[in-house]
Amino acid sequence: MILPSRPENVAVIRQALAGAIEVLGLAESRLLDINTAVSEACNNVVVHAYEGEHGPLEVFLCVQGSELEVVVRDDGVGIRPRAPEPGLEVQGLGLSLIQTLSDRVEFLGGVNQGTEVRMAFSLNGQSEAWLRDIPDETKDVRRPPGELVIAVSAGPLAAPVLGRVIAMLAARADFSLEGISEAQLVTDSLAANVPRVIVGKNIQLGIDSPAEQLLVRVGPLEEGGSSRIMDASALGDLPPVLERLTKEHHVEGSPDGEILNLTLVNPH
């Protein structure tokens, strides 16, 4: 996930994390531990990375064997978290929490090179020896445009992660409960049908939030993929879900394939 380093966006990251952990079947207490550690790493980006300005906040999550690995990265001034000096306990609270709640943690970066916090959480009480590189499977495929871009692997993580993220964004856009539910039906349909026509290995969404709307761009997709996604969302004799629950939809071209554009609005 890539999104602006604004304080309110830390909650969006927590929702995505909760969707993933929900699939893994971890206990609520473990979810709290992971959410707290990741939130602290994200807050460090918000507060320190760009010296009062906003910049990209990147979060990568990967399940590797018996571990959940999370990387929080920025392109900022390269402030590294440090252990607090004696008598300055509050200053080091975030670092202390990350170290306490993670099974392993690494802090990488340098002056004007950004900061990377790499955390590992055991899923079964066992810990691997080293943190591995999390593969960026979208590096050769252009991301769809959007203030927030999220890429999720096709499979059981897709629907809960995308559903929680879109619900949070819809709530911020003042959607009603019905509107939030309809937005989640849209992402459920995308999670089910996009894998058949994606270019690359991940479902990618770029999302903008103008007043009382959500603009969702999906892709890149194979040629004709947008039409296949729309048709596949039909239920029985009803029109396709993606047609019924969006204000408008259209297809744009990109160097890597089609981009399906969906406009979601609050139902009246």
Requested in this report: Rank V218, A234, V71 by how far each Cα sits towards the positive end of the charge dipole of the chain (+1 on Lys, Arg Cβ; -1 on Asp, Glu Cβ) and give me just the farthest.
Outcome: V71
Query raised in the report: Any idea what the dipole of the range 150-268 comes to, in debye rounded to 20, about its Cα centre with Lys/Arg Cβ at +1 and Asp/Glu Cβ at -1?
Result: 360 debye
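Considering only the other residues whose Cβ falls under 14 Å of the Cβ of S189, what net charge follows from Lys and Arg at +1 and Asp and Glu at -1? Mind dumping the intermediate values first?
Working: positive: R196, R228, R244; negative: E182, D188, D231, E243.
Overall, the nearby charge balance is -1.
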Query raised in the report: Considering the chain as a Gaussian network with a 10 Å cut-off on Cα pairs, which listed residue, R14, R228, R217, attains the greatest mean-square fluctuation?
Result: R228
Query - Candidates L162, L235, L97, ranked by Gaussian network fluctuation over the chain, Cα under 10 Å, top entry - result: L235
Report task. Assign unit charges at the C-beta atoms only (+1 for Lys and Arg, -1 for Asp and Glu), then state the dipole size of the chain relative to its Cα centre in Debye, rounded to the nearest 20. Result -> 220 debye
Query raised in the report: Computed on alpha carbon atoms, what radius of gyration and Dmax characterise the chain, expressed in Å?
Result: 19.3, 69
Report summary line: Across T100, T36, T187, the residue with the highest GNM fluctuation in the chain (Cα network, 10 Å cutoff) is T100
Report task. Using a 1.4 Å probe and ignoring any ligands, DNA or RNA, find the accessible area of V23 and quote it in Å² to the nearest 10. Result -> 60 Å²
**Report entry** With every protein chain in place, the chain: carbon and sulfur % of accessible area (1.4 Å)
**Finding:** 50 percent
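The values are calculated or read from the model by the stated rules, or taken from the named source; none is laboratory data. Predicted, not measured: the structure shown is a model, and the values here were computed from it. Note that each Cβ is placed from the backbone with ideal geometry, even for glycine, and that neighbours are counted across all protein chains shown. Ligands, DNA and RNA are stripped out before the accessible areas are found, and what is left, the full protein with its side chains, is counted by its heavy atoms. Shrake-Rupley method; radii C 1.70, N 1.55, O 1.52, S 1.80 Å.
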